Amino acid sequence: MTGLRRALVALGALALVFGIGALLLVLGSDHQSQRGLAAALILAAAWSFVGTGLYAWYRRPANRIGPLMTAVGFAWFLEALSFSGSAVVFSLGSLTAALPFAILIHLLVPFPSGRLETRLQKTLVGLTYFDTTVLQLAWFVFSEPAAEGCDGCPANPVLIEGQTVLRDAINAGQVLLAIGLIAAVGVVVYRRWRDSSAEQRRALTPVLATAALAFGFLVVQLIASGIGVSQEVESGAFIASVAVFACLPFAFLAGLLRSRIGRDEEVRMALSAENEQLTVELRAKVEELRASRARIVAAGHRERRRVERDLHDGAQQRLVALTMNLRLARDKLDAEPAAAAELLEEALSEVGAATVELRELARGIHPAILSDRGLEAALGGLAERSPVPVSILETPGERLPEAVELASYFVIAEALTNVARYAEAEGATVRVARRDGLVEVEVRDDGVGGADPSAGSGLRGLADRVAALEGRFEVLDGGAGEGTTVRASIPCE
């Protein structure tokens with residue numbers, strides 16, 4: 001079982017425990033009516049969001065919709081706290097009562113990507129959390145549950161008395177902001193639906209229609225509480241909104257299913273129209289993939305043999321000599337101290353040489369400077385060690401993902417090694433730039449040219465390394481005087 005699956009199973013078990021706890025709290029309440037209905041609504045809303053959220057999270061772990069749906073479900077469990085007879089627990093329930101609606105707006109605004117991409121989206125979601133947390137807290141410290149019509153509710157342990165005007169003003173501001181935010185979110189989501197393709201509308205329509213109905217009932221409840229309509233109207237609107245909210249996760253799944261069916265239809269049409277030409281390209285890509293994997297495996301074997309050989313012929317032999325010198329120095333320490341001192345000097349020399357060899361060996365496996373200080377510093381080290389003058393013309397001003405940095409470093413290192421060995425060049429330039437979601441790597445020399453990627457394993461291994469990151473690698477031969485240019489383009493979002 002993968003780590004993600006274990007985490008999701010644990011969250012599902014936790015939701016089951018929370019649901020049982022919420023059920024016991026609601027049914028044991030002595031200050032709320034319609035406890036059975038309330039328990040059914042809370043559990044239906046919470047478990048439906050958690051269940052569908054965990055499923056979406058498992059199917060698309062890189063998408064934030066699954067985690068957000070799961071968070072909505074767990075926030076619904078907090079509604080049960082307001083049924084407690086404990087003043088502290090009841091207060092926590094009152095403070096978090098509006099949180100599920102805030103997370104739900106956070107879920108709706110960027111659906112289906114789950115990412116807040118524009119400043120307007122971030123502002124709307126930020127104001128929603130402000131309304132349901134900061135203003136909710138400000139209203140609560142001036143509110144007494146008994147005075148709000150909650151007979152038998154525990155007293156507010158943080159009540160600041162005598163501020164009814166301020167309490168009413170905060171409540172009015174909170175309600176007006178909530179209604180305004182719901183309206184603004186509705187406009188934003190409608191415009192996205194209007195400008196979407198037919199397939200995108202198939203995914204959005206079930207979600208937006210159900211959400212519009214649920215938030216419509218919620219607006220009715222907010223207006224009813226603001227103008228002092230009967231408690232029955234306010235409670236009825238709230239119950240209707242929660243009931244519709246409990247159906248919303250399944251609207252998400254319906255939207256995703258309809259979108260998937262549409263994509264399948266398009267794929268079948270494309271396959272039927274271009275069946276043979278797709279087949280040919282696919283076979284070519286599969287063969288290239290097999291060859292690339294075989295080269296990567298062979299390169300790994302060669303690298304392991306090289307490391308083993310270098311360790312055996314270099315550092316291991318020096319350590320053996322070091323052991324012998326130390327043993328001789330120990331034997332001569334009393335009788336011939338001068339000879340022992342000379343042997344200790346030789347041992348220190350062997351230690352220094354072994355350290356240098358191990359450092360060079362480690363640099364070829366994974367340069368420590370790249371991990372510690374980044375690509376710019378690592379390229380500076382390559383330029384300093386190169387027997388051919390190297391100019392670093394451009395480097396990114398930020399750290400790149402580890403795999404991209406490592407691939408870029410080895411492309412440049414191998415290219416500079418080839419310049420020093422074969423190019424007969426007077427100089428080389430290195431350029432690394434990040435543009436439009438790609439990292440562009442270029443090494444150019446002014447040597448004799450004639451580089452052939454198919455003639456050796458070095459450049460071909462670099463091509464495989466770049467291809468493994470879905471990048472592109474090319475070697476351009478300009479001839480004598482024009483030298484060789486090595487380029488790599490690596491995706492980097």
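So here's what we get for this one:
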{"item": "Segments 203-214, 383-394, 101-112 sorted - mean Cβ within 10 Å per residue, highest first", "result": "101-112, 203-214, 383-394"}
{"item": "Most to least packed among 154-161, 80-87, 436-443 [average Cβ atoms within 10 Å]", "result": "80-87, 436-443, 154-161"}
{"item": "Residue-wise HN-Hα coupling along region 23-33, computed from phi with Karplus coefficients 6.51, -1.76, 1.60 (Hz; x: Gly, Pro)", "result": "4, 5, 5, 5, 5, x, 6, 10, 10, 10, 8"}
{"item": "Global form of region 38-187, assessed from the alpha-carbon gyration tensor, a/c cut-off 1.5", "result": "oblate"}
{"item": "In sequence order, calculated HN-Hα J values of region 445-452 (Karplus, 6.51, -1.76, 1.60; Hz; x Gly/Pro)", "result": "10, 10, x, 7, x, x, 5, 10"}
{"item": "Extension reserve of the A183-H31 stretch, reckoned as 0.36 nm per residue once the Cα distance is removed", "result": "51.3 nm"}
{"item": "For region 19-79 versus region 158-209, the gap between their alpha-carbon centres in whole angstrom", "result": "21"}
{"item": "Karplus (6.51, -1.76, 1.60) ³J(HN,Hα), θ = phi - 60°, over region 74-85, in Hz, Gly and Pro reported as x", "result": "5, 5, 5, 4, 5, 4, 5, 5, 6, 8, 6, x"}
{"item": "Net lengthening on full extension, L23/L289 (0.36 nm per residue, minus Cα-Cα)", "result": "90.3 nm"}
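Values in this text are rule-based calculations from the coordinates and carry no lab data. What you see is a predicted model; the values in this text were computed from it and never measured. Heads up, the Cβs are rebuilt from the backbone with ideal geometry, glycines too, and the neighbour counts pull from every protein chain shown.
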